[in-house]
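Participant: Sharing a structure, written as structure tokens. Questions coming.
The values are calculated or read from the model by the stated rules, or taken from the named source; none is laboratory data. Remember, predicted model here, so these are calculated numbers, not experimental data. Ideal geometry is used to build each Cβ from the backbone, glycine not excepted, and the neighbour counts take in all protein chains shown. To get the accessible areas, we keep the full protein, side chains included, count just its heavy atoms, and leave off ligands, DNA and RNA. Shrake-Rupley method; radii C 1.70, N 1.55, O 1.52, S 1.80 Å.
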Amino acid sequence: MNSVTENMTCTFCGCLCDDITVEVADGRVVKAKKACANGAGIFKEYDPSPAPPLVDGKETGYDEAIAKAAEILNQAKSPMIYGLSSMAVEAQKKAVALADKLGAVIDTTSSVCHGPTGMGMMEVGEATCTLGEIRNRADLLVFWGCNPAASHLRHFARFSMTPKAGLNPNGRKDRTIYTVDVRPTPTAQKSDHFIQVAIGHDYEALTTLRALIAGKKITQKEIAGQPLEVWQELAERMKSCRYGVAFMGMGITMSRGRQHNVSELFSLVTELNKYTRFSVLPMRGHGNVAGADQVMTWQCGYPFAVSFAKGIPQFCPGEFTAVDMLSNKHADAAVILASDPAAHFPVAAAEYLSEIPTITLDCEVSLTAKVSKVYFPTACYGVDAPGTCYRMDNVPIRLRAAMEARRPTDEKVLTSLIEAVKSC
Ligand code: SF4
């Protein structure tokens, strides 16, 4: 049946653009109006045809596949659940319930992107805001270690650089924009000022800004690859703006300093609020990675890297993070939820994953799905399955479906697994 559905949500990135018009013809999406080049693929490349589960690569009935998956998990002494960021909140909650019942480790893709952001936030808190406030009020934007011109293609037009909205009636002209990064990027090209920070020296630069804002005297002439005057000018701009925002990305979370870089930036932003309004917003990648953090935190107390092995949630990045669980050969079975660690993890971790029995739920046939003992093709959230997601600013967005699902949802498969496995 052909149809047109308005106000659909694109789940490719953390912007969760919810103004997409989706046209369906002959059971497939043929047009996704307003979706950017990154997002259009989510709609158009997904094949929603019914697909049976696979066990050892062979088509199997749903109940038989659930029974096989339960057998694997019941035999495992140290099962691990990983992924979660590309599925709806309703399924994420089931994933945590499954981990709890199995006494498993559960980790999300945050551990390989913004995990340090969560850790920095635990140390010093986070002065945050919504993308709507940024669009309407912010007159100073600082993009630090992120490149939305390549990763979040509609961010500038919908939320940050160019919208004519609120206190910024002239759009781009009303905003001053800085990019701080280790190399020139497309985002830097669109900015008024680019500061090239020396690789691995973000912490030094952020500490310098904190010292300058606190009025401390600095005698060093060059810091983090730039003359002191460059940091003095940025500090003055930050103090004197009407409403500033720092967007931060993996350039600081995954470089030297990691969570210490984050806590330094978050502290800087908090201190700026003595002089003006200033907020910080992590540039979240996967469509519902912010939802994964929310669900994990409200159900376990921690955003990622949690073990239920002792009957209570225990948090330990470096031990219960999926890369470490696999590299150290601590997991003896895995449930992979809508992610592809076989393709993206370090070689030792990916190789070990292929040696242990793995159960994968994914709407796409990923490399991990191909090497799994049991694979459940599931419906795609935001295309043929509704659900709830959290935007990068932690605003929940309700997803519509453009067609009726002919595959089970992630939530349904996880519910079946919870019913089929024994309590640890
Ligand atoms: S910016 Fe992100 S959410 Fe918006 S259409 Fe592009 S990929 Fe989708």
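Participant: List every residue whose amide H lies under 5 Å from the amide H of T360, counting only residues 5 or more places away in sequence or on a different chain, with H placed 1.01 Å from N in the peptide plane.
Facilitator: I336, V374, Y375, F376
Participant: Moving on. Taking each pair of distinct Cα atoms in region 115-282 once, what is the resulting Kirkwood hydrodynamic radius in Å?
Facilitator: Values: mean 1/r = 0.0634 Å⁻¹.
One over the average 1/r among Cα pairs gives 15.8 Å for region 115-282.
Participant: With a 1.4 Å probe and all protein chains left in place, how much accessible area per residue does region 319-393 have, in Å²? Can you show the working numbers first?
Facilitator: On the way: 2440 Å² over 75 residues.
Value returned for region 319-393: 33 Å² of accessible area per residue.
Participant: If you add up the charges near E271, with Lys and Arg at +1 and Asp and Glu at -1, over every other residue whose beta carbon is less than 11 angstrom from its beta carbon, what do you get?
Facilitator: Values: positive: R210, K239, K274; negative: E264.
Taking every other residue near E271 into account, the sum is +2.
Participant: Taking 24 Å as the cut-off for C-alpha to C-alpha distance, list the pairs among K58/K329; K310/K422; K217/K239; K216/K239; K190/K274; K31/K370 that go past it. Write out the running numbers ahead of the final one.
Facilitator: Numbers: K58/K329 27 Å; K310/K422 16 Å; K217/K239 17 Å; K216/K239 14 Å; K190/K274 30 Å; K31/K370 29 Å.
The answer is K58/K329; K190/K274; K31/K370.
Participant: Report, in degrees rounded to the nearest 10, the 0 to 90 angle that the Cα long axis of helix 410-420 makes with the longest principal axis of the chain.
Facilitator: 50 degrees
Participant: Shifting gears a bit: Based solely on its DSSP helices, what 222 nm [θ] is calculated for the chain when runs of n ≥ 4 H residues each add -39,500 (n - 2.57) and the sum is averaged over all residues, nearest 500 deg cm²/dmol?
Facilitator: Details: 18 runs with 155 residues, N = 424.
Result for the chain: -10000 deg cm²/dmol, rounded to the nearest 500.
Participant: May I ask for the net charge around K164, where only other residues with Cβ less than 14 Å from the Cβ of K164 are counted and Lys, Arg are +1 while Asp, Glu are -1?
Facilitator: Numbers: positive: R135, R137, R158, R172, K173, R175; negative: D139, D174.
Net of charged neighbours comes to +4.
Participant: Test of the criteria: in region 240-317, which trypsin sites (Lys or Arg not before Pro) are in a DSSP loop and have at most 16 other Cβ atoms within 10 angstrom of their Cβ?
Facilitator: Working: sites: R242, R256, R258, K274, R277, R284, K310; in loops: R242, R256, K274, R284, K310.
Within region 240-317, the qualifying trypsin sites (Lys or Arg not before Pro) (loop, at most 16 other Cβ atoms within 10 Å) are R242, R256, K274, K310.
Participant: Let me have the relative contact order for region 115-282, percent, based on Cα pairs under 8 Å that are six or more residues apart.
Facilitator: Rounded, it is 32 percent for region 115-282.
Participant: Per 0.36 nm of contour for each residue apart, how much would the distance between K173 and T21 grow if the chain were fully extended, relative to their Cα-Cα spacing?
Facilitator: Numbers: separation 152, 0.36 × 152 = 54.72 nm, distance 3.01 nm.
Extra length from K173 to T21 when fully extended: 51.7 nm.
Participant: Taking amide H atoms as placed 1.01 Å from N in the peptide plane, list the residues 5 or more away in sequence, or in a different chain, whose amide H sits under 5 Å from that of A333.
Facilitator: S78, M80
Participant: So, taking all protein chains as they sit and a 1.4 Å probe, how much accessible area belongs to E364, in Å² rounded to tens?
Facilitator: Its heavy atoms expose roughly 80 Å² to the probe.
Participant: May I ask for the net charge around A32, where only other residues with Cβ less than 14 Å from the Cβ of A32 are counted and Lys, Arg are +1 while Asp, Glu are -1? Write down the numbers at each step before the final one.
Facilitator: Working: positive: R28, K31, K33, K34, K44, R154, R400; negative: E6, D18, D19, E23, E45, D384.
Counting the neighbours of A32, the net charge comes to +1.
Participant: Here's something else I'd like to know. May I ask you to compute the full-extension gain from I418 to Q75, defined as 0.36 nm times their residue separation minus their alpha-carbon distance, rounded to one decimal in nm?
Facilitator: Working: separation 343, 0.36 × 343 = 123.48 nm, distance 1.48 nm.
Taking 0.36 nm per residue and subtracting the Cα distance, the gain is 122.0 nm.
Participant: Could you sort the peptides 129-141, 285-297 by per-residue average Cβ neighbour count (10 Å cutoff), highest mean leading?
Facilitator: So the order, starting with the most tightly packed, is 285-297, 129-141.
Participant: Averaged over every viewing direction, what's the projected area of the C-alpha convex hull for the chain? Give it in nm², one decimal, please.
Facilitator: On the way: hull surface 80.8 nm².
If I average the Cα hull's projected area over directions, I get 20.2 nm².
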